[in-house]
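Presented below is the structure to which this report refers.
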Amino acid sequence: MSFFVKKRFEHSKSQQSVSVDGHKRNGKFRKNASVRRKICRFCADKIVADYKNVSLLRTFITENGKIFSGHITGTCASHQRELDTAIKRARMLALLSFTTTSS
Ligand SMILES: [Zn+2]
C-alpha cells in the first residue's frame, strides 16, 4: 500500500519539474493552460452569504472551524467580507462552532 503511495508521489513530483522546465523554455511564468483561475462562488451563482444558510457556510470553514482565506476558496474581497460576518453571526447564534476540541 505504502509502495503505491510513494510511487504516485514521485510521479507527480516528476511531472511538476517538467512543467517548470516548460515555463523556462517559453520564457513565460504561470501561463499554463492547466492552471485554472478560481471564481467567486457568490458572484457566479449570485447568492448572498446568509448566517442562516449553515450548509453553505460550512463549506468555507475547516473541520476545526477556521475560516478559509479568499485566496484558497477563490472568493472575491467583498464577498469574503460578507462571508466573514455571516460566519461570525452564525457562531454567536451557535449554528456554527468557534472551534472543535481535540480529544
Ligand atoms: Zn464575489
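Coordinate-derived values only; no laboratory data. The structure displayed is predicted, hence computed values, not measured ones. Every residue, glycine among them, receives a Cβ derived from its backbone with ideal geometry; neighbour counts consider all protein chains shown.
If you take the residues in segment 59-81 that are crowded, with 16+ Cβ neighbours inside 10 Å and part of a helix (DSSP H, G or I), which one is nearest to the ligand (Cβ to nearest atom)?
79
Return the pairs, sorted by first residue and then second, in which the second residue is near the ligand (Cβ under 9 Å from one of its atoms), the first residue lies in segment 62-83 and is of a type in the set (D, E, K, R), the beta carbons are less than 8 Å apart, and the residues are 6+ apart or on different chains.
82/42
List the residue pairs whose Cβ atoms are under 6 Å apart, where the first residue sits in segment 37-55 and is within 20 Å of residue 65 (Cα to Cα), the second is near the ligand (Cβ under 10 Å from one of its atoms), and the two are 6 or more positions apart or on different chains.
Once the first residue is within 20 Å of residue 65 (Cα to Cα) and sits in segment 37-55, its partners that are near the ligand (Cβ under 10 Å from one of its atoms) give 49/82; 49/83.
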